[in-house]
Each structure stands twice: as C-alpha cells, then as structure tokens.
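What follows is a single structure, written as structure tokens, with notes after it.
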Amino acid sequence: MEKFIEAFDMYTSGFDMNNEMIHLKYNHSYRVMELSKHLAENLHLSKDDIFLATIIGLLHDFGRFEQIKNYGTYDDSKSVDHADYSVEYLFDKNYITEYVEDKSLYSIIRKSIQYHNKYAIPSQGLTKRERLHMQIIRDADKLDILYLIGVLKECPVHVTDSPISEVVRSNFFENKSILNSDVTNDNERVIAWLAYIYDLNFKESFVHLLSIHCLEIFFENLGSPEILEPYFTYIIDYVRKRAYA
C-alpha cells in the first residue's frame, strides 16, 4: 500500500495544492479510498479484492487534477467527463503501471473508474467481479459526495422558494435517481444529491450514512428549509429501513 500512496502523492505534488479545487479532490480521493476499503472488508472479500477496491477508490478521480488544471473547473458539462479523462491518463498515458503491476486487473480497474460517475452500471457484458467493484466505488464515491456537500459544505447551494418540477418530485418519491439535465435550480440540485442514495448497493452504505448523521446535518446546514423538509424526511426514513433490513 505504501508504494501506491507514494506514487499518488508524487503525482499530485505536481499540482497547486493552494488551489481549493485541487485540495478538495486530493482529500476526496483519500476518503473514497478508505470508504472503498471499508466496504470491501465489510463484505468479507479476499485480500486481493480488498486491495483492488482500495486502489480503485484512490484512483477513481485521477483525471480530476488535469481537468482542473486544463479547464479550471470540475464541472463535466463545461469541460470533459472526468471518469473518461481518468481512464485516459491512467491507461492511455500508462500511469497505471506505477500503482498496479498485475495487468490481469487492469480491465476491472478501467471499467470501475470509467463507470463510477455514469447514471447506471451497464446491465450486460460484465463479470460478477467487475460488477461488484463498480458497485463498491459508486457507493464509496456517493457516500463521500454527500458528506462533502452536506457536512463539510464544500459545494454551497442557495435554497429558495424556486419551484420543484414534477419530474424531479415524482422521480424522487418513486425512489429513482435524477438526471442532471432535469435539474434547473439549487432546490432540485439538493434533491438530486439526496437521490444518489437510491443507487447505493450495500447495507453498510446505509449504516454509514446513519452513523455519521450525514443527512440530518445536511438539512441543518441548509437552514432546515421547509420546502425541502418532506424530501429529507422521506430519504432519512428510507435509509433507516435499508440499514436495519
């Protein structure tokens, strides 16, 4: 583990850590690494798969640093798809060899990173192991995004009386994820973040959200807005049911 930690820190040392976006993604990478490892251990996976989940967690946003450097944003809609960019730098530019020598693992790592930010995992064409590692990184990433936004307040939003569209409202209360293209204001953005929870795969992910009181703190940090209260009440109840199922 020390080898790939050293390689990652060497790589990121080439970027401006005084840039808040770079610093945020550096810390996010390490938190997701730990969450991925935790989920893999909780699933009682083999030592090799725990290592694999850990390294995918650390490298899942590898392209973010170049994205911020080259485009000045981590908004994919205004630059590039950061997951695809991560795969490009890791595999096309061959950085992956500094982290993993076993080339038989490259396909799992590549696919897990490429699909960690997509709306859904492909329904076909995946091995059981590939699907498992995609699920782990998607859970770990979403858990930390909710923590980063809700608890650390790293992506401030301004809740107002702006109306919530029927498509956002209905999708949310039908336990569906929400497309970015359907989000038109900050109220809907918060609801879309909460809807990440519907895509979580493991019981431990729900247990983790409860253990850190992420959603309750998120609601308080927003000022406990009345317009969003039904959404938080609903999702907190959903998490409790999934955690204690």
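The values are calculated or read from the model by the stated rules, or taken from the named source; none is laboratory data. Not measured: the values here are computed from a predicted model. Reconstructed Cβ throughout: ideal geometry from the backbone, glycine too, with neighbour counts over all protein chains shown. Ligands, DNA and RNA are excluded from the accessible area calculation, which covers all protein heavy atoms including side chains. Shrake-Rupley method; radii C 1.70, N 1.55, O 1.52, S 1.80 Å.
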Filtering the stretch 130-159 down to residues that are open to solvent by 30 Å² or more (accessible area, probe 1.4 Å), of a type outside the set (A, V, I, L, M, F, W, C) and in contact (Cβ under 8 Å) with a residue 60 or more places away in the chain yields Q135, Y147, K153, E154
Might you check whether a residue that is under 23 Å from N117 (Cα atoms), open to solvent by 40 Å² or more (accessible area, probe 1.4 Å) and under 19 Å from the mean Cα position of the chain (by Cα) occurs anywhere in the stretch 222-240? no
Screening Y119, Y115, Y106, Y95 for residues that are among the aromatic types (F, W, Y), under 19 Å from L39 (Cα atoms) and open to solvent by 10 Å² or more (accessible area, probe 1.4 Å) leaves only Y115
Out of (1) within 19 Å of the chain's Cα centre (by Cα); (2) part of a loop (DSSP other than H, G, I, E, B), the one S162 does not meet is (1)
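For every residue, the table says whether it meets (1) out of contact with any Phe, Trp or Tyr (no Cβ under 6 Å at 6 or more places or on another chain); (2) acidic (D, E); (3) part of a loop (DSSP other than H, G, I, E, B).
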residue	(1), (2), (3)
K111	yes, no, no
H116	yes, no, yes
L126	yes, no, yes
E130	yes, yes, no
H133	yes, no, no
R138	yes, no, no
D141	yes, yes, no
Only one of (1) under 19 Å from E2 (Cβ atoms); (2) assigned to a loop (DSSP other than H, G, I, E, B); (3) open to solvent by 60 Å² or more (accessible area, probe 1.4 Å) does not apply to V100, and that is (3)
Here, helices (runs of 4 or more DSSP H) confined to the stretch 1-73 with at least 2 residues that are within 14 Å of the chain's Cα centre (by Cα), in contact (Cβ under 8 Å) with a residue 24 or more places away in the chain and surrounded by 14 or more Cβ atoms within 10 Å (Cβ to Cβ) are 20-42, 47-59
Of (1) in contact (Cβ under 8 Å) with a residue 40 or more places away in the chain; (2) among the polar types (S, T, N, Q); (3) more than 14 Å from D139 (Cβ to Cβ), T184 fails just (1)
### Message
Just to be sure before I move on: is Y85 crowded, with 18+ Cβ neighbours inside 10 Å and part of a helix (DSSP H, G or I) in the structure I sent?
### Response
yes
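Name the residues in the stretch 204-218 that are buried (at least 18 other Cβ atoms within 10 Å of the Cβ) and over 18 Å from N185 (Cβ atoms), would you? If you could, list the steps in order and put the result at the bottom.
Filtering the stretch 204-218 down to residues buried (at least 18 other Cβ atoms within 10 Å of the Cβ) leaves 204-206, 208-209, 214-215, 218.
Hits for the stretch 204-218 are E204, S205, F206, H208, L209, C214, L215.
For I145, are the conditions met, namely being hydrophobic (A, V, I, L, M, F, W, C) and closer than 29 Å to L43 by Cβ?
In short, yes.
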